[in-house]
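None of the figures in this text is laboratory data; all of them are computed from the coordinates on show. Small disclaimer: the values here were computed from a predicted structure and weren't measured. We place every Cβ from the backbone using ideal geometry, glycine too, and count neighbours over all the protein chains shown.
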Amino acid sequence: MSSFACTPSTEDLAKALGWVAPVATDKQVELFRNVLLTADEQSQSLTLRATDSVIAASARVPATVRSSGSVSCPAVHLNKLVKSLSTVAFCDCHEKDGQLIVAAGRSKSKIPTYDRPSWPEWHGPSVSAFTAETGPLRDALGWTLPSAAPDSASGLQGVIILAEGGFLRMSVTDGRRAARATVPAPGSKKVSAFVLSPAAKRISTMARLTAKGPVHFDGDSKRLFFWNDEGLGCSCLLGSPKKFDFESTIPSRDFKHAIQAPREALLNAVTRGALTDPTKLLLTARGSELTVIAASPKGGFEEALAVEGEGSFDLNIHPAYLGSFLQHLDSEEILLYYWDKHLPVLITASGDDSLSGIMMQMR
């Protein structure tokens, strides 16, 4: 193992570990529970990397580097240690006799290090098949992920990604509901891929932390990459696409009824109705009035809302599904499309169909 000696600020090191350590959670495989620290004397910086084979995270912080080199040690151990040193401005880190020595103030800790031969190399995207902005990507994942299957037994536990014609479309289903999000993604290549829900949730969290910056898809390595100006970066390995077509879940014929309703008022009514019956709500439309009804052996609930639309119909909907869609839509008004009592219901924001949700009706 090469020599390694540097002194970063404790605050910078804690922030970097807070970014990469959550990725290194596998207790069975040594590589996937460790963090790789690389000190570079030329750039006077310390780079941290961790991976779980699907997600790879990296962070770069300024440091006074006395000797270039790399060490690998348990990520959780180092993260907790550095957090406990928050009152000390700087911490000295160096490798000696197979141990990482972390000294700060009067404290000195020794952490076992591991050989590095099996560590993968990280590279940025070579050719971007498409590029999207972090913010819209984060919002799209926030919209679609609640509709993913809770386990992998169904084969639907994840997000289907399709990039084509300057847009990135994400689709998710658990067999009872489905969600699709569309975001601008300029690029010349057609891409279809699949990412498992746990990895997609991690990507969503990390995209929220980076706050801004581009997201690239590398057609060669089949990875999503994004980073920000503060040195925080992340990549996610994408798999082969699953066979699910969001459009096929929408009845092909023209919609029979459509109503426009106030999003916040409907969300509040659904929330109150779920207190009476958390498993089923009846939505009854009669002209310009929509009534949310819930019933149980010990009580009942009913609330009428003024809406725009025509026709009469009854919808039996799971409150958790409708509530989740209403929470994530950022609009004053929403549209509900209804075909038949045996067919699903479509929900979108009024005037913007970039986020669409499908709910199967309950028998």
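Subtracting the Cα-Cα distance of ASP353 and SER288 from their residue separation scaled by 0.36 nm leaves 21.1 nm. For the Cα atoms of the chain, what angle does the longest principal axis make with the long axis of helix 10-20, in degrees from 0 to 90, nearest 10? Taking the Cα atoms of the chain, the angle to 10-20 is about 50 degrees. Pairs LYS80/LYS201; LYS80/LYS222; LYS80/LYS110; LYS110/LYS201; LYS27/LYS80: which are spaced more than 25 Å apart, C-alpha to C-alpha? Going by Cα-Cα distance, LYS80/LYS222; LYS110/LYS201 fall outside the 25 Å limit.
Label point of ASP92 set 7 angstrom out along Cα-Cβ; within the stretch 45-69, amide nitrogens under 15 Å from it belong to 64-67. Dividing the Cα radius of gyration of the stretch 5-112 by its Kirkwood radius returns 0.94 for Rg/Rh. Candidates SER235, PHE4, ALA178 compared by Cα position along the dipole of the chain: farthest toward the positive end lies PHE4, with charges placed on Cβ. With a cut-off of 15 Å between beta carbons, the residues surrounding SER107 carry a summed charge of +4, where Lys and Arg count +1 and Asp and Glu -1. Where does helix 134-144 land angle-wise versus the long Cα axis of the chain, in degrees 0 to 90, nearest 10? Roughly 50 degrees between the two axes.
Excluding GLY309 itself, calculate the net charge of residues whose Cβ lies under 13 Å from the Cβ of GLY309, where each Lys or Arg counts +1 and each Asp or Glu counts -1.
Numbers: positive: LYS256, ARG286; negative: GLU289, GLU308, GLU310, GLU333.
So the environment of GLY309 carries a net charge of -2.
Mean-square fluctuations from a GNM of the chain, with a 10 angstrom spring cutoff on Cα atoms, peak among SER84, SER147, SER324 at SER84. Let me know the shape class of the stretch 257-321, please: from the alpha-carbon gyration tensor, a ≥ b ≥ c as square roots of the eigenvalues, rounded when a/c is under 1.5, otherwise prolate if a/b is greater than b/c, or oblate. Prolate, because a/c is 1.5 or more and a/b exceeds b/c.
Hey, what angle do you get for helix 263-276 against the long axis of the chain, alpha-carbon based, 0 to 90 degrees rounded to 10? It works out to around 90 degrees.
Counting Lys +1, Arg +1, Asp -1, Glu -1, what net charge surrounds SER288 among other residues with beta carbon under 10 Å of its beta carbon? Before the final figure, lay out each step's value.
Numbers: positive: ARG286; negative: GLU289, GLU308, GLU310.
Neighbourhood net charge equals -2.
Kirkwood radius, the chain, all distinct C-alpha pairs, inverse of mean reciprocal distance: 23.0 Å. For the chain, modelled as a GNM with alpha-carbon contacts under 10 angstrom, which of GLY105, GLY273, GLY309 fluctuates the most? Ranking GLY105, GLY273, GLY309 by mean-square fluctuation puts GLY105 first. The reciprocal of the average 1/r between distinct C-alpha atoms defines the Kirkwood hydrodynamic radius, which for the stretch 251-359 equals 13.9 Å.
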